[in-house]
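Chemist: Let me begin by handing over the structure; questions about it come next.
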Amino acid sequence: MRNTSFSSMLTRGGWRPSDIMRDLQRASQLIVSRHVPMSLKLILPLGAAIYWFFPLDLIPGLPFDDIAVVLLAVKLFVSMGDAALSRDTTPDVAGKGDEPIVDTTWHVMDE
């Protein structure tokens, strides 16, 4: 399973233009995937869009901070979306078949 922490995402690299384009393409695939939770689809992309159009900037007049926030949001979305996708598509060992699963506790009694 992929490590989805923010620090590992930054140190993992992938900031070349080809990596950024790959992440943008992957993000577009994850947006339309039914296996990625809707909350994840809304929070990061919407947050980045709001920051892009928000009138207060860290660097007024220049879009560098806006671009950085969008790129970070895309990287984080791809990382979290892939993790959610792998959790959703990994078969559950106990859940094979149509048998109901009963979660209970038990103990052995000596006769």
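Chemist: Hey, any hits in the range 35-54 for a residue that's within 16 Å of Asp82 (Cα to Cα), assigned to a loop (DSSP other than H, G, I, E, B) and not aliphatic (A, V, I, L, M)?
Modeler: The answer is yes, given that some residue of the range 35-54 is within 16 Å of Asp82 (Cα to Cα), assigned to a loop (DSSP other than H, G, I, E, B) and not aliphatic (A, V, I, L, M).
Chemist: Please go through the range 81-111 and give me each residue that is at pLDDT below 80, under 30 Å from Ile43 (Cβ atoms) and either aliphatic (A, V, I, L, M) or not in a loop (DSSP other than H, G, I, E, B) (or both), ordered by number.
Modeler: Asp88, Thr89
Chemist: Looking only at the range 55-72, count how many residues are in contact (Cβ under 8 Å) with a residue 12 or more places away in the chain and acidic (Asp, Glu).
Modeler: 1
The values are calculated or read from the model by the stated rules, or taken from the named source; none is laboratory data. Computed from a prediction, not measured in an experiment: that's the story for all the values here. When we count neighbours, we look across all protein chains shown, and the Cβ atoms used for this are built from the backbone with ideal geometry, even at glycine.
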